Amino acid sequence: MAAKTLTIDGTLVSAREGESILEAAREAGITIPTLCHLDGLSEVGACRLCLVELTGSRRLQPACLTPVAEGMEVRTSTERLREHRRAIVELLFAERGHVCAVCVASGACELQDLAARLGVTHVRYDYLAPACTVDISHPRFGIDHHRCVLCTRCVRACDEVEGVHTWDVAGRGTAARVITDLHVPWGQATSCTSCGKCLHACPTGAIFQRGSSVAELKRDPGVIALVVAARKERW
Amino acid sequence: MTAPKLRLATVWLGGCSGCHMSLLDLDEWLIELAARVELVFSPIADTKRFPESVDLALVEGAIANEEHLALITLVRRRSRVLLSLGDCAVTGNVTALRNPLGTAASILQQIYVDHGDPRGHVPTGSAIVPALLDRVLPVHAVVPVDCFLPGCPPPAPRIRAVLEALLAGEPPPATPEMIRFG
Amino acid sequence: MDRTELHAIAERELASRAPVRIHCCMAAGCQATGAAELRSRLDTALAEAGLAGRAEVVPVGCLSLCGHGPLVSIVPDGPLYASVRPDDAPAIVAALQGAPCAVRQVDRNAPFFARQRPVVLRASGSFDPERIEEYIAVGGYQALATVLHDLSPAEVIEQITRSGLRGRGGAGYPTGLKWATVAKSAAPPGDGPRKFVVCNGDEGDPGAFMDRSILESNPHLVLEGMAIAAYAVGASQGYLYVRGEYPLAIQRLTKAISQARKYGLLGAQIFESGFDFRVEIRVGAGAFVCGEETALIASIEGRRGQPRPRPPYPAESGLWGCPTLINNVETFANVAPIIQHGPEWFAAIGTATSKGTKVFALTGNVRNTGLIEVPMGMTLREIVEELGGGTPDGSPVKAVQTGGPSGGCIPAARFDTPVDYESLAAAGSIMGSGGMVVMDATTNMVEIARYYMEFCRDESCGKCIPCRVGTVQMHRLLSGIASGHGSAADLAQLEQLSQLLRETSLCGLGQSAPNPVLSTLHYFRDEYEACLAASKDPG
Amino acid sequence: MVSPSAAAPAQRDRGAPPADNRLKIVEATMKRHQYRPDALIEVLHKAQELYGHLSPELLALVARRLHLPPSRVYGVATFYHFFSLAPQGEHTCTVCLGTACYVKGAATLLAALEAASGLRAGTTSADGRLSLLTARCLGACGIAPAVVLDGTVVGHAAVEPLVERLRALLNPAGA
């Protein structure tokens, strides 16, 4: 496969053809913030955190879905991008009930990390404070919708990796919720294999192991990519 | 001749006092601090009225009732720099967990009657406890705030870093290590 | 079916017509004001007057002046009656024999009619849309016959390109270029149809009903345009996506498709050529975002109508990953006239960059409400004041809203703006699909901005964060300002969020959601400031 | 409303009740589309037209027959405003809130109907007699403001006559 040479934040970077800007940047040691992206899953370009500036393009482009091209000039961290990313993270904090102080995922949460990395010291927008449900009908796992950011990583992990499609999204707009089967309590979702991939895929404390307390969540998002890579090896 | 001491206030609104505990965790540095500031108002001091001409006010807690609302307005008016200290002041945090449950009246009904004693009633009439606001708000939703130090509570070293910068008349450090909700 | 047969059908049809035709508008607007009953009363009155055979009542498509329906037109050369009540039927029939008639008549030479330039709507209102023979009698399917017999696909695309036709769905992308891209795109291997033509009839802008009217009044015109497009790009399967809110359009399209199939004008080996084209209707289920082409594709595939980032564009990878041509109803309706009269004829209408005509739904606080088709380049003033006749009570017009929730409000001071893609964009709005809502002094512009933001909030699919949550926050800010609880800081935040949504939203819905806010802030900032001045919570 | 699961046993009886026919029509619709998953929305349209709403049993049936995950069927059914998972009222009154209707007073009209019916827009009365609904735009802008009463479009709608018609609809005896 042909190599492509491009510039990312002024650094000359060599990338494989077909690779995304996100992958190329990461190999060059440049971190672009993401939330809906997870190694091993398909890209949806929904969180808009990885938007970058491209010379010659008026529109901002998602790094996760934009393939590298010869001579491309990418800027990943301009003041405009940093401001937009802060605003997006703030909008998420304002949307539901993200209370790190009482969250199982505190210390292992991508949203919490994003706030720190992007310099979100406070949220400018009104907290919407919707009343969400907590479903602990499953014997091993639970889901607290207050903490869900609708990244759909659980939906994709369940569909693409586990292959059962227990999860999907119901409703629309800010009223959208991830659901299991016909919106039955998780514990009654007969398609669920209890594999736990959704738990590993979840970036926040929305999906958790039952019995874990504040900041006790143990999970490994890398598991998804491992499974996907291992599956390519057939015997 | 030494510089005039900076007039420091600390305020405790709708919070658990954990942020103040964290402040006290600064241990011997507090002695150093005392040499440079004059503590003019604080739950750990004796003053009952918020004084005029405060240089720096550290505010812990969210705005949850009428008393908080009145006090924060006064604090803002009389303070040059206002710092939201800790998650309750910055986000509403645990104090704001009641917001999804509805208005103050509906929450009191749920707590005292629906989930409490079905024959009970919501206490009314006395002026001892200030009336709850319908929604718990972070401080900056009510008055302008100059700097923010999240954390539940913010660890003592972070409080010290912010205070040192402010005492030196510099903006507080905004590195990722300084920002951690929870 | 061949050309000779097509002519024979047309001649038979024309020969069977009564010398006098009473055209009774049966479009949705007139039906809602009693056209069905009127039609049967006219039939009865005709029979009772012993005029059967000499005159006939024909249910027709839209007669344009929708706000004054039911409308009845006497052809040839007879009057146009408006606001007709069923009881008026005998008087209208008696008038055919010369009796004086007190039923309200509308002057066909009034600017509302005289200044229109019908291309797409030319035949609307002159025949029964439920009978294919009538469409054939007005020259229908001749363009398709010409294309299949005389032109190569490349020649068809060349003609469309030369005509200068641009997408009528709002963005104004050159139609010929889009067709050429689909034609060039290689179809992935597989069974069944591997290239598709989709007609976007998900007319979602509130205040717009151009597509509904075209589909109801002339369904075959759209089908013919789709078939020509399919031939040009090499597709054999089409989908016509229609809003579920348009039952009459769906019913007439269903009928039209089955009639066209019966005559061999759709299906296999059309006009005895090697060209096959089948069309299926897909009924929308109430989601504005499905007007966005990638969401439309998801919806046709039976999924949640959520958009995906482009590229790849549907022209390269659309339905089931196959190259897919998506055009709007009015765009397809322009195709047959272009083929019939030639690209030069079409390009002579309109302006340098915007060729042809545009259909607008003129509504709101305007005297003549209805559907109009005018050459591109006519000014807003001409449309609103001359065709529209100003406000019903003669008070000054304050603004006109074009482009729906993705558009903006243009104040009366800018009414010399010509309607073409570039000028409307320069005035802070967009051409959009053709909704034009007239507003007078009673309309509060902050309230209008709030109204559109509520619309976008409710229609946001929820996939990307800026649109999903940003529209909620913007709506809160606008509600606060409109109800006298806003501050200068709120206004600043509104502008910050507008910028965020524009630059970071995934699809056009979110990217353009701030437009009504930005255009009202630009032209009517005083109204926002008046709200702030009256605010109970000064910031 | 008879749910499909309740209707299923009746299928074996002769002189089947209407519910049985409805199920057959849903089945026929799926068959006509060769049980292709992309026919999901078309099938849901037909099912809702027949049953008035989409019950969990109905959704489960459609999921099974079209070989779709139940969560996906539920996700689609709740994405589109047309589909209702709860039974609608015997009568429906839909107020168009499109721009043309809006600038011609649709909001006032809706408020008056809410007051007259005691219902909030988007809800059904407790006795199941009336649903008060809103529409984004009916495309009947020429006759704004427009209201749909039990499927019939009323143009140039005014508050008082409309409230009267609503009353007459709910109390046919004039009680």
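Couple of notes before you dig in:
- Taken together, the residues in region B:39-76 that are open to solvent by 40 Å² or more (accessible area, probe 1.4 Å), among the small types (Gly, Ala, Ser) and at negative phi amount to 1.
- Within region A:151-188, the only residue that satisfies the criterion of being surrounded by fewer than 24 Cβ atoms within 10 Å (Cβ to Cβ), among the small types (Gly, Ala, Ser) and touching a residue at least 40 places away in the same chain (Cβ under 8 Å) is A:187.
- Residue list for region C:53-94, restricted to those being closer than 15 Å to residue C:38 by Cβ and among the β-branched types (Val, Ile, Thr): C:57, C:58, C:60, C:72, C:74, C:84, C:92, C:93
- Within region D:144-154, not a single residue is within 22 Å of residue D:48 (Cβ to Cβ), away from chain C (no Cβ under 14 Å) and in contact (Cβ under 8 Å) with a residue 12 or more places away in the chain.
- Flag for residue B:104 being touching a residue at least 12 places away in the same chain (Cβ under 8 Å), within 26 Å of residue A:93 (Cα to Cα) and more than 13 Å from every other protein chain (Cβ to nearest Cβ): yes
- Filtered residues of region A:9-59 (kept if at positive phi, free of Cβ contacts under 8 Å to residues at least 24 places away in the same chain and open to solvent by 20 Å² or more (accessible area, probe 1.4 Å)): A:10, A:29, A:56
- Helices (runs of 4 or more DSSP H) wholly inside region B:17-83 that include at least 2 residues being within 17 Å of residue B:130 (Cβ to Cβ) and under 13 Å from the mean Cα position of the chain (by Cα): B:66-78
- Elements of the type strands (runs of 3 or more DSSP E) sitting completely within region D:68-175 and holding at least 1 residues that are open to solvent by less than 40 Å² (accessible area, probe 1.4 Å) and touching a His at 6+ places or on another chain (Cβ under 9 Å): these cover D:130-135, D:147-149.
- Qualifying residues in region D:106-131 (those that are in contact (Cβ under 8 Å) with a residue 12 or more places away in the chain and within 26 Å of residue C:67 (Cβ to Cβ)) - the one nearest to the other protein chains (Cβ to nearest Cβ): D:106
- The set of residues in region C:4-27 that are open to solvent by less than 40 Å² (accessible area, probe 1.4 Å) and touching a strand residue (DSSP E or B) at 6+ places or on another chain (Cβ under 7 Å) comprises C:18, C:21, C:22, C:23, C:24, C:25, C:26.
- Per-region count, region C:232-241, residues surrounded by fewer than 24 Cβ atoms within 10 Å (Cβ to Cβ) and touching a Leu at 6+ places or on another chain (Cβ under 7 Å): 1
- Leading residue by the ranking (nearest to residue A:54 (Cα to Cα)) among those in region A:78-98 that are within 9 Å of chain B (Cβ to nearest Cβ) and open to solvent by 20 Å² or more (accessible area, probe 1.4 Å): A:98
- Qualifying position, being in contact with a helix residue (DSSP H, G or I) (Cβ under 9 Å, 6 or more places away or on another chain) and open to solvent by 10 Å² or more (accessible area, probe 1.4 Å), among C:339, C:372: C:339
- Filter result for residue C:39 (more than 12 Å from chain D (Cβ to nearest Cβ), more than 22 Å from the chain's Cα centre (by Cα) and open to solvent by 40 Å² or more (accessible area, probe 1.4 Å)): yes
- Within region C:505-539, being among the basic types (Lys, Arg) and outside any helix (DSSP H, G or I) holds for one residue alone: C:536.
- Region C:388-431, subset away from chain D (no Cβ under 14 Å) and within 18 Å of the chain's Cα centre (by Cα), residue surrounded by the most Cβ atoms within 10 Å (Cβ to Cβ): C:431
The values are calculated or read from the model by the stated rules, or taken from the named source; none is laboratory data. What you see is a predicted model; the values in this text were computed from it and never measured. Reconstructed Cβ throughout: ideal geometry from the backbone, glycine too, with neighbour counts over all protein chains shown. What goes into the accessible areas is simple: the full protein's heavy atoms, side chains included, and nothing from ligands, DNA or RNA. Shrake-Rupley method; radii C 1.70, N 1.55, O 1.52, S 1.80 Å.
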